[in-house]
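Asks: One structure coming up, written as structure tokens, with questions to follow.
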Amino acid sequence: MSKSINTEQEEPQMFGHPKGLFYLFFAELWERFSFYGMRALLTLYMVQEIFKALAERDAATAVVYASYGSLVYASTVIGGQISDKILGMRSSIFLGGILMAIGHFVLAIENNMAFFLALAFIVVGNGFFKPNISTFVGALYKEGDVRKDSGFTIFYMGINIGGFIAPLLCGWLAAEFGWHYGFGLAGLGMLTGLIFFWSGIKKSVFGDKGLPPNQNVYEKLVLGIPQKTLIPILAIIAVPLIAYILAQYKSIAGGSSFIGDETLVGLIFKIIGVAVVMYLGSIMIKAKLEERKKLFMAVLITFFMTLFWGFHELSGSVITLFASRNVNLTFINASQTNALNSMFIIILAIPISLLWAYLSKRNLNPRTPYKFGFGLILAGLSFYILALSGGNADENGMVPFAYLFIMYLIISIGELFMSPVGLSKITDLSPKRIVAFMMGIWFLSSAYAFQIVGFISKQLAIESTDVNVGGLQTLSTYTNGFDLIAKYSLGAGLIVLIFSPLMKKLMGNVH
Ligand code: GLN
């Protein structure tokens with residue numbers, strides 16, 4: 001006890017938290033600024049620029065967007081492992097940040113050939129940056145430090161401040177001056193994030209945190225090259241490979257299928273999925289009954305989260321297209337509507353965490369399965385609102401902005417019911433020996449969510465030779481699609497609620 005007080009005094013503090021948190025906060029704010037600024041433009045850029053010559057431009061966009069999203073989250077599993085074993089968090093964050101910045105600047109070149117290369121830079125960069133900056137936040141606190149949860153809430157705010165400002169600014173620049181200005185600003189955002197991180201290191205606010213886990217391993221020669229140099233080299237070699245994989249959208253768009261109607265990324269994720277399920281199955285068979293029940297729940301929670309992100313992440317694809325083709329926008333453009341989710345998270349994160357605390361005091365805080373059930377129901381309701389918007393369309397097939405606004409409000413409440421709760425439950429429910437593996441699975445849930453996004457976006461793809469297609473031509477495709485998504489999400493939420501009493505028992509002492 002006295003030791004922990006000593007350490008707290010040794011490391012600089014600010015507003016009751018380790019000073020390092022504020023450097024990580026701004027580094028992540030700017031990294032997410034670049035990530036979400038670029039994401040706000042990505043779908044429209046593909047539809048209106050990269051694939052504009054194709055009648056199946058929506059389908060091609062859907063596939064590339066899904067492949068990019070899947071790989072950008074799956075790479076975090078590898079980046080996390082390499083950091084744990086060799087690089088340490090600091091070098092990983094620098095490497096990832098530099099690669100992401102390069103990616104955004106290559107996008108700014110506005111050349112079709114460079115496009116896939118740019119996405120691949122961001123995939124590899126995010127793999128090194130994202131998992132490690134999150135782990136770094138946790139590492140600032142000692143085990144059992146009660147400030148850790150609020151530290152993560154502050155950090156989540158940083159993520160969403162970036163996610164709020166970026167679509168507004170990058171979306172405005174892209175519309176006023178051209179796509180490359182929007183992407184260029186995203187790149188500058190990433191560089192700003194790196195400067196914050198670097199200044200934190202210069203001011204020694206991180207103490208000895210985030211250094212390589214073992215200096216000998218870090219310096220160890222492999223093929224005559226120290227590992228600390230070899231890994232960045234391998235990361236760069238991976239870029240053209242990933243670019244090649246991302247460019248394999250043709251089985252759908254061009255009809256020249258190479259494995260049925262499958263894409264390369266889809267196939268890779270199916271194989272990984274089968275392997276993961278088999279591995280989890282073998283762990284469960286070997287586990288003791290109590291452990292098995294909890295592990296089963298950890299897997300179920302991850303599965304529900306995948307479904308939720310699968311609907312939620314449609315915002316950057318189909319919902320952005322819907323906004324551009326069928327929503328009456330006056331103050332903001334379609335890319336800028338991507339700011340709404342983060343705006344509501346910023347407004348609601350603290351009230352909802354206070355609500356849980358208030359209910360906890362009265363022993364009324366709902367157990368995790370109920371929160372997940374309600375989260376999916378809220379996602380369903382949000383899509384139901386969008387489906388209803390069709391009934392209020394004008395003669396040009398344009399619906400009032402209020403529907404989109406309310407949709408984002410509702411799905412953001414759903415996000416706060418699930419995302420912050422889920423991560424900590426995974427750690428509580430997993431046996432110690434596989435916690436790290438389960439964290440990887442948690443990140444993979446976002447990766448698989450993008451496969452759902454790809455599937456849905458393909459169903460709602462409009463085939464047209466008119467690059468300005470929209471209005472009455474597209475309204476019913478979207479609203480019928482949203483109606484179906486609403487039904488699936490509401491159905492899933494109801495099933496979760498029905499089985500919640502049983503799941504509650506399986507979770508044992510974990511709330
Ligand atoms: N919005 C959160 C972030 O950017 C989570 C997104 C996700 O996991 N799909 O960190």
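Yes or no, residue by residue, for (1) more than 15 Å from the chain's Cα centre (by Cα); (2) among the polar types (S, T, N, Q); (3) surrounded by fewer than 18 Cβ atoms within 10 Å (Cβ to Cβ); (4) in a helix (DSSP H, G or I):
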site	(1), (2), (3), (4)
ARG32	no, no, no, yes
THR61	yes, yes, no, yes
LEU87	yes, no, no, yes
SER92	yes, yes, no, yes
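Asks: Could you list, in sequence order, the residues of the range 471-491 that are crowded, with 20+ Cβ neighbours inside 10 Å and either among the small types (Gly, Ala, Ser) or in contact with an Asp or Glu (Cβ under 6 Å, 6 or more places away or on another chain) (or both)?
Replies: Answer for the range 471-491, where residues must be crowded, with 20+ Cβ neighbours inside 10 Å and either among the small types (Gly, Ala, Ser) or in contact with an Asp or Glu (Cβ under 6 Å, 6 or more places away or on another chain) (or both): GLY481, ALA486, SER489.
Asks: Mind listing just one residue for me: the one in the range 459-469 that is outside any helix (DSSP H, G or I) and surrounded by fewer than 20 Cβ atoms within 10 Å (Cβ to Cβ) and, of those, nearest to the ligand (Cβ to nearest atom)?
Replies: The extreme case among them is ILE462.
Asks: Answer yes if at least one residue in the range 401-408 is in a helix (DSSP H, G or I) and within 16 Å of the ligand (Cβ to nearest atom), and no otherwise.
Replies: Yes; the residues of the range 401-408 include at least one that is in a helix (DSSP H, G or I) and within 16 Å of the ligand (Cβ to nearest atom).
Asks: I need every pair where a residue in the range 226-243 that is assigned to a helix (DSSP H, G or I) has its Cβ under 6 Å from the Cβ of a residue that is surrounded by fewer than 18 Cβ atoms within 10 Å (Cβ to Cβ) and of a type outside the set (Ser, Thr, Tyr), sequence separation at least 6 or different chains.
Replies: From residues that are assigned to a helix (DSSP H, G or I), the pairs are GLN227/LYS220; LEU230/VAL222.
Asks: Next question. Which of the residues belonging to the range 419-458 are within 11 Å of the ligand (Cβ to nearest atom), of a type outside the set (Gly, Ala, Ser) and at pLDDT below 95?
Replies: Across the range 419-458, the qualifying residues are PRO420, LEU423, TRP442, PHE443, LEU444.
Asks: Considering (1) over 30 Å from ASP149 (Cβ atoms); (2) in a helix (DSSP H, G or I); (3) not β-branched (Val, Ile, Thr), say which one GLY373 fails and leave the rest.
Replies: (1)
Asks: Please verify whether PHE383 is away from the ligand (no atom under 13 Å from the Cβ), surrounded by 23 or more Cβ atoms within 10 Å (Cβ to Cβ) and over 22 Å from PHE499 (Cα atoms), treating the condition exactly as stated.
Replies: It is true that PHE383 is away from the ligand (no atom under 13 Å from the Cβ), surrounded by 23 or more Cβ atoms within 10 Å (Cβ to Cβ) and over 22 Å from PHE499 (Cα atoms).
Asks: Considering only residues that are more than 12 Å from the ligand (Cβ to nearest atom) and within 24 Å of the chain's Cα centre (by Cα), which ones fall in the range 12-30?
Replies: Those that are more than 12 Å from the ligand (Cβ to nearest atom) and within 24 Å of the chain's Cα centre (by Cα): GLY20, LEU21, PHE22, TYR23, LEU24, PHE25, PHE26, ALA27, TRP30.
Asks: On to the next question. Cβ-Cβ below 6 Å, separation at least six or inter-chain, first residue in the range 33-48 and at pLDDT 95 or above, second basic (Lys, Arg) and more than 16 Å from the ligand (Cβ to nearest atom): which pairs?
Replies: Partner pairs satisfying both residue conditions: VAL47/ARG57.
Asks: Shifting gears a bit: More than 16 Å from the ligand (Cβ to nearest atom) and in contact with a Phe, Trp or Tyr (Cβ under 8 Å, 6 or more places away or on another chain), is that true of ALA174?
Replies: Judged against the criteria, ALA174 is a match.
Asks: Here is a list: LEU140, LEU87. Which entry is in contact with a strand residue (DSSP E or B) (Cβ under 9 Å, 6 or more places away or on another chain) and of a type outside the set (D, E, K, R)?
Replies: Result of the check over LEU140, LEU87: LEU140.
Asks: Within the group LEU329, LEU381, which residue is at pLDDT 95 or above and closer than 25 Å to PHE303 by Cα?
Replies: Going through LEU329, LEU381 in turn, the sole match is LEU381.
Asks: When you scan the range 321-356, how many residues do you find that are part of a strand (DSSP E or B) and within 16 Å of the ligand (Cβ to nearest atom)?
Replies: Counting residues in the range 321-356 that are part of a strand (DSSP E or B) and within 16 Å of the ligand (Cβ to nearest atom) gives 0.
Asks: Does ASN132 satisfy being in a helix (DSSP H, G or I) and modelled with pLDDT under 95?
Replies: In short, yes.
Asks: Does ASP428 meet the test of being in contact (Cβ under 8 Å) with a residue 40 or more places away in the chain, touching a helix residue (DSSP H, G or I) at 6+ places or on another chain (Cβ under 9 Å), of a type in the set (Asp, Glu) and under 30 Å from LEU289 (Cα atoms)?
Replies: For ASP428, the condition - in contact (Cβ under 8 Å) with a residue 40 or more places away in the chain, touching a helix residue (DSSP H, G or I) at 6+ places or on another chain (Cβ under 9 Å), of a type in the set (Asp, Glu) and under 30 Å from LEU289 (Cα atoms) - is met.
Asks: While we're on this one: What number goes with the only condition from (1) in contact (Cβ under 8 Å) with a residue 60 or more places away in the chain; (2) over 22 Å from GLN336 (Cα atoms); (3) touching a strand residue (DSSP E or B) at 6+ places or on another chain (Cβ under 8 Å); (4) among the polar types (S, T, N, Q) that SER446 does not pass?
Replies: Tallying (1) in contact (Cβ under 8 Å) with a residue 60 or more places away in the chain; (2) over 22 Å from GLN336 (Cα atoms); (3) touching a strand residue (DSSP E or B) at 6+ places or on another chain (Cβ under 8 Å); (4) among the polar types (S, T, N, Q), SER446 fails exactly one: (3).
The values are calculated or read from the model by the stated rules, or taken from the named source; none is laboratory data. Source: prediction; values computed, not measured. Cβ atoms come from the backbone with ideal geometry, glycine included; neighbour counts cover every protein chain shown.
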